[in-house]
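One structure below.
Coordinate-derived values only; no laboratory data. What you see is a predicted model, and the numbers here were worked out from it, not measured in a lab. In this analysis, Cβ positions are derived from the backbone assuming ideal geometry, glycine residues included, and neighbour counts consider all displayed protein chains.
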Amino acid sequence: MPFKVKYSITHKILNNISSIIAGREIIERSKIIPKWELRLKKEARIQSAHSSTSIEGNRLTLEQVRALSENEKVVATEKDKREVLNYLQALDAIPGYAAKRNITVELLLDVQKKIAGGTLDNPKDCGTLRDRQVFVGKRVFDGTGFKEIVEYMPPDTKDVPGLMEEFLEWLNSEGAKNINPIILAGIAHYEIARIHPFIDGNGRTARLLAALVLYKSGFDHRRFFALDDYYDRDRNSYYAALKTAQQGKGNITKWLEYFTNGVLYSVNKVKETVVKFGFIQKPEEIEQIELTERQIRILDKIKQKGKVTNKELRSMFRLTRQAILKEIKKLVGLKVIELAGKGRGAYYRMASK
């Protein structure tokens with residue numbers, strides 16, 4: 001039976017896509033020096049690895065994931081570290097996957113093998129379609145003990161190979177290529193989550209496939225967008241959005257509304273960074289903004305919190321007051337940040353435009 005997808009293009013989806021296109025256009029037209037472009041790409045990679053594994057219960061913090069990505073030692077369980085390192089490896093493989101003409105079952109088996117390698121009780125469950133029934137559930141306490149609640153029962157194991165072939169034949173078709181890449185990525189994400197073709201790693205594979213579709217289409221060719229961050233912010237909403245298709249008899253419209261919300265969130269985060277850090281300037285002005293790693297981290301901290309004190313920065317870098325003042329002097333001189341308040345209440349914030 002040929003694969004068919006059921007959804008409607010609502011005003012919400014149209015508005016989201018319109019805003020996404022506008023935001024992406026600002027990012028594409030900005031003059032970002034190579035050092036900053038590398039930084040944005042690096043942060044998206046770290047954020048994606050942290051969020052996608054965190055959704056599945058990984059306990060590493062964002063800072064620990066950052067440290068792992070830079071080959072630093074992290075005190076954590078081997079399983080948690082392996083899951084993150086695996087996902088980083090899978091993310092790095094996206095350009096190679098995209099260079100292939102089609103997205104095949106073999107390609108997705110390789111993705112799952114990279115993601116789950118060294119983390120499963122049975123190594124034979126890596127790089128292969130599931131050979132037994134699985135379910136999505138949660139443990140709840142009913143007053144006397146814990147019991148498992150089944151929240152989603154995927155298709156029968158015997159149907160998985162056929163469902164994968166049908167879906168991927170459609171995904172590689174000319175008809176699918178004419179669909180907006182954002183919608184296509186949302187469909188791909190949902191369908192892998194629905195089929196649940198593996199014993200483990202289905203969610204991570206689904207999210208990585210969505211990223212692959214967006215990269216392969218050219219939408220995220222610079223790899224700035226970390227969609228997984230949106231899902232990790234409110235996991236209940238993420239799972240609820242996936243469930244709407246079951247409730248709607250296979251109609252994934254509500255899921256696509258949620259998915260496009262997530263893409264817009266990610267695009268807006270990058271756009272905010274581009275605008276706030278002054279990338280929308282003349283090329284000759286941008287070329288002068290060469291910042292140290294510490295100065296970049298200071299800007300990140302202010303962007304996250306809205307403001308930061310000298311004391312907080314000293315603690316963050318374990319530097320003296322004079323050393324911190326030396327780091328922020330350039331940022332103030334470039335009018336990227338400014339000092340506000342007086343005395344002990346003084347702090348730094350992004351400069352008013």
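Below, the figures for the structure above:
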{"quantity": "C-alpha long axis of helix 11-29 to longest principal axis of the chain, angle in °", "calculated": "50"}
{"quantity": "Ranked list, fewest to most other Cβ atoms within 10 Å of each Cβ, for 151, 312", "calculated": "151, 312"}
{"quantity": "Hits among lysines - C-alpha to C-alpha of residue 305 under 18 Å, sequence gap 8 or more where chains match", "calculated": "269, 271, 276"}
{"quantity": "Cα pair distances exceeding 29 angstrom across the chain, given as percent", "calculated": "46"}
{"quantity": "Inter-label distance for residue 173 and residue 314, nm, one decimal - labels placed 7 Å from Cα along Cα-to-Cβ", "calculated": "6.6"}
{"quantity": "Relative contact order, percent, the chain [alpha-carbon distance under 8 Å, six or more residues apart]", "calculated": "21"}
{"quantity": "Ordering of 257-264, 21-28 by packing [mean C-beta count within 10 Å, highest first]", "calculated": "257-264, 21-28"}
{"quantity": "Highest-fluctuation residue, 194, 59, 314 considered, GNM on the chain with Cα pairs under 10 Å", "calculated": "314"}
{"quantity": "Paramagnetic reach from residue 275 (point 7 Å along Cα→Cβ, amide N under 13 Å) across segment 1-19", "calculated": "19"}
{"quantity": "Full-stretch length increase - residue 297, residue 4 - with 0.36 nm per residue and alpha-carbon distance subtracted", "calculated": "100.8 nm"}
{"quantity": "Taking 153, 350, 1, 164 and counting other C-beta atoms within 10 Å, the order from fewest to most", "calculated": "1, 153, 350, 164"}
{"quantity": "Helix axis angle, 105-116 relative to the chain longest principal axis, alpha carbon, degrees", "calculated": "60"}
{"quantity": "Charge dipole (debye, nearest 20) of segment 149-261; +1 at Cβ of Lys and Arg, -1 at Cβ of Asp and Glu", "calculated": "280"}
{"quantity": "Furthest towards positive pole of dipole, 302, 94, 107, structure part the chain, Cβ charges", "calculated": "302"}
{"quantity": "Estimated D of segment 47-91 in µm² per second, where Rh is the Kirkwood radius over Cα pairs and Stokes-Einstein applies at 20 °C, 1.002 mPa s", "calculated": "214"}
{"quantity": "Cα gyration tensor shape of segment 291-350, rounded if a/c is under 1.5, else prolate or oblate by comparing a/b with b/c", "calculated": "rounded"}
{"quantity": "CD proxy at 222 nm, helix term only [per DSSP H run n ≥ 4: -39500 (n - 2.57); per residue of the chain; nearest 500]", "calculated": "-18500 deg cm²/dmol"}
{"quantity": "Segment residue 121-residue 70, length gained on full extension (0.36 nm per residue, minus Cα span)", "calculated": "15.6 nm"}
{"quantity": "Translational D in µm²/s for segment 28-124 (Stokes-Einstein at 25 °C, 0.890 mPa s, Kirkwood Rh from C-alpha pairs)", "calculated": "166"}
{"quantity": "Computed P(r) (all Cα pairs; segment 102-235; 5 Å bins; percent)", "calculated": "2, 10, 17, 21, 19, 15, 9, 4, 2, 1, 0, 0"}
{"quantity": "Degrees between helix 235-247 axis and first principal axis of the chain (Cα, 0 to 90, nearest 10)", "calculated": "30"}
{"quantity": "Gain in span if fully extended, residue 321 to residue 29, counting 0.36 nm per residue against the direct Cα distance", "calculated": "101.3 nm"}
